[in-house]
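Structure first, commentary second.
Just so it is clear, none of the values below were taken in a lab; they were calculated from the coordinates. Remember, predicted model here, so these are calculated numbers, not experimental data. Heads up, the Cβs are rebuilt from the backbone with ideal geometry, glycines too, and the neighbour counts pull from every protein chain shown.
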Amino acid sequence: MRKVFGCVLAAILVATEVMAATVDVGPLKIEQAFTRPTPGGASVAVGYLTIVNTGKETDRLVSVTSDISAKAEIHEMKMENGVMKMGEVKDGLPIPAGATVALKPGGDHLMFVGIRHAVKPGEVIKATLTFEKAGKVDVPFKAAASMGAMSPGDDGDSGMGGMKMQ
Ligand SMILES: [Cu+2]
């Protein structure tokens, strides 16, 4: 009887960094998606990301859903009587052709409203973003190490603190 020896395939280990992953949908590239751990009792969590539109047409981020919360909103920051306030973007967030739109601490952001449990450092929140033209895409938002994180890899408090959401 003949013995067949199988090939041993060497596994190629690819270091995957969830935080730095780029998610593509149509001509849009989604980068730097992250969230922040939440304090106990918090009812909301944030989502930050950068969207690069490599296409020739303006697109719009029209809605967001996630398992972590009853609903998710797109929030913009605007000045009202000299005070920065956040409010829901009603007609979608425009992503102009060729533009890079950053939703980051202190600026526009996603807000997960009515979270089902506290977000822990390192936890990944999965959200589905819907764009008017590019369609739906699932994006992982990994929680940074600190509540005041200003970027995905920020593991120390920057001193600026988190935006007070409640
Ligand atoms: Cu908000």
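What the table shows:
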| quantity | calculated |
| --- | --- |
| Segments 143-151, 28-36 sorted - mean Cβ within 10 Å per residue, highest first | 28-36, 143-151 |
| For peptides 117-128, 80-91, sequence by mean Cβ density within 10 Å, most packed first | 117-128, 80-91 |
| Potential extension, Ala99-Thr22 segment - 0.36 nm per residue separation minus Cα distance | 26.1 nm |
| Principal axes of region 13-106: Cα extent on each, largest first, Å | 44, 35, 24 |
| Candidate lysines for bridging to Lys133, where Cα separation is under 16 Å - those fewer than 8 sequence places away on the same chain excluded | Lys29, Lys56 |
| FRET efficiency for Thr58 and Lys126, using Cβ-Cβ distance with R0 set to 22 Å, rounded to 0.05 | 0.25 |
| All-pairs alpha carbon distance profile, region 27-81, 5 Å steps from 0, percent | 4, 13, 20, 23, 18, 13, 6, 2, 1 |
